[in-house]
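Undergrad: Can you read through this structure? Questions will come right after.
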Amino acid sequence: MSTVETPHDAEVDGEEALASLRRQAQHLIAELAGPVRRIRLRSGPAVLEVEWHPEEPTRADVPPGLAEAARPGVPAAGPPAAPVPGRAAVRAPIVGTFYRAAEPGAKPFVAVGDLVRPGQPVAIVEAMKLMNEVTADRAGRVVAILVEDGHPVEYDQPLVELDPA
């Protein structure tokens, strides 16, 4: 088990602390050489603990690109689409499954041609049964959705392409 503690900051609210812990977990897992079975991170009162079941492959157990193929029923992802130079990309905040809508059958957060403003939700990425909202960091017009609904995404993968507004 690996434990990382960060100094408590009274001004950091729980949501910010949890987001920070998620980023730390992603970086820590990427840096570890062996298989990861359990990780616990704490920042003040916020605690993030993740445990993988022995029969499930972890990122460290399976070479990149094969993790999705090792899970039955999950479509394998092709190479990530790259944004066009000069356009902004809204990127995945975490490894998980990309969804365009909040629930099956619901209207997508955004469609090609929509104008978005900073902080507006454009998608969600599900990771470990948690729905992580993906928001635009700048204003723009949606010119492309780079990932198909329900497909796996990697950390920092471009998801939505924006023309500056």
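Undergrad: Go through the residues of region 117-124 one by one and say whether even a single one is under 23 Å from Val95 (Cβ atoms) and touching a residue at least 40 places away in the same chain (Cβ under 8 Å).
TA: no
Undergrad: Looking at region 75-88, can you tell me whether even one residue there is out of contact with any Asp or Glu (no Cβ under 6 Å at 6 or more places or on another chain), closer than 19 Å to Ala123 by Cα and at pLDDT 60 or above?
TA: There is at least one residue in region 75-88 that is out of contact with any Asp or Glu (no Cβ under 6 Å at 6 or more places or on another chain), closer than 19 Å to Ala123 by Cα and at pLDDT 60 or above.
Undergrad: Continuing with the same structure: Somewhere in region 131-153, is a residue surrounded by fewer than 20 Cβ atoms within 10 Å (Cβ to Cβ) and hydroxyl-bearing (Ser, Thr, Tyr)?
TA: yes
The values are calculated or read from the model by the stated rules, or taken from the named source; none is laboratory data. No experiment lies behind these values; they were computed from the predicted model shown. Please note: Cβ atoms are built from the backbone with ideal geometry, for glycine as well, and neighbour counts cover all protein chains shown.
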